[in-house]
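Below is a structure I'd like to ask you about.
None of the figures in this text is laboratory data; all of them are computed from the coordinates on show. Note that the coordinates shown come from a computational prediction; the quantities given were computed from them, not determined experimentally.
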Amino acid sequence: MENKTCSRCNNIKTISEFGTKKANKDGKQFHCKECEKIRSRVKYLKNREKIIAREKIKYLKNIDKKKEYDKKYYKANKRKRIEQHKEWVSENRERVRVLNNSRKRRIKKAELEGYREEIIEIYEKCPKGYRVDHIAPINHPNLCGLHVPWNLQYLTAEENLKKGNKYGK
């Protein structure tokens with residue numbers, strides 16, 4: 001196995017621990033991947049605000065392309081993504097439980113006294129293929145919806161996912 005000395009840390013490492021660079025004689029970087037990772041992280045932390053602003057602008061300029069790409073990718077890899085999600089859920093059961101519990105706590109905080117029975121009835125009468133949705137979301141940066149009968153509606157699963165955390169139908 002071939003070895004090389006990193007120009008930053010001066011450690012002798014295997015050639016596989018160096019990134020590629022076609023312009024160099026051996027086709028590898030002068031510094032190892034570990035040193036490059038550290039250098040890159042330091043540079044990011046020094047310029048964090050500028051980098052975040054630049055990436056946000058780039059994202060907003062290309063938001064339609066990104067959404068279209070994501071849709072195509074999901075359609076092409078639907079089974080794979082579903083399996084990955086199932087695997088993630090099984091590996092992160094505790095985290096999923098905490099997330100579910102925090103949602104339940106938010107809903108409980110947003111509930112007004114005296115409407116519990118009506119709310120239960122709304123959930124029990126939910127038609128098959130529909131979900132109970134909050135018209136004004138409970139967790140929203142600009143408004144706070146309540147968990148009360150007049151803030152609940154039935155939406156299909158697809159409509160509910162499209163609506164997301166937005167106000168209204």
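Below 20 Å, Cα to Cα, which aspartates and glutamates can K4 reach? Residues fewer than 8 away in the same chain don't count.
Answer for K4, where 20 Å is the Cα cut-off: E17, D26, E34, E36, listed by chain and number.
Report the normalised scattering of segment 41-135 as log10 I(q)/I(0) at q = 0.16 Å⁻¹, calculated by the Debye formula with identical scatterers on the alpha carbons.
-1.11
When the scattering of segment 113-169 is computed by the Debye formula from its Cα atoms alone, each counted once and equally, what is log10 I(q)/I(0) at q = 0.18, 0.19, 0.27 Å⁻¹?
Each listed q maps to, in turn, -0.60, -0.66, -1.12.
What is the distance in Å between the Cα centres of segment 115-169 and segment 1-64?
47 Å
Determine the alpha carbon to alpha carbon distance for each of K78/K166; K13/K46; K33/K162; K71/K166; K80/K108 and list only those over 30 Å.
Over 30 Å Cα-Cα: K33/K162; K80/K108.
Sorted from largest down, give the three principal axis spans of the alpha carbons of segment 3-45, whole angstrom values.
The Cα atoms of segment 3-45 stretch 32, 21, 14 Å along their principal axes.
Take the eigenvalues of the Cα gyration tensor for the chain, scale each by 5, and report the square roots as semi-axes in whole Å, largest first.
One finds semi-axes of 50, 19, 18 Å for the chain.
Is it possible to state the helix-based mean residue ellipticity at 222 nm for the chain, with each DSSP H run of 4+ residues giving -39500 (n - 2.57), the sum divided by total residues, to the nearest 500 deg cm²/dmol? What is it?
About -16500 deg cm²/dmol.
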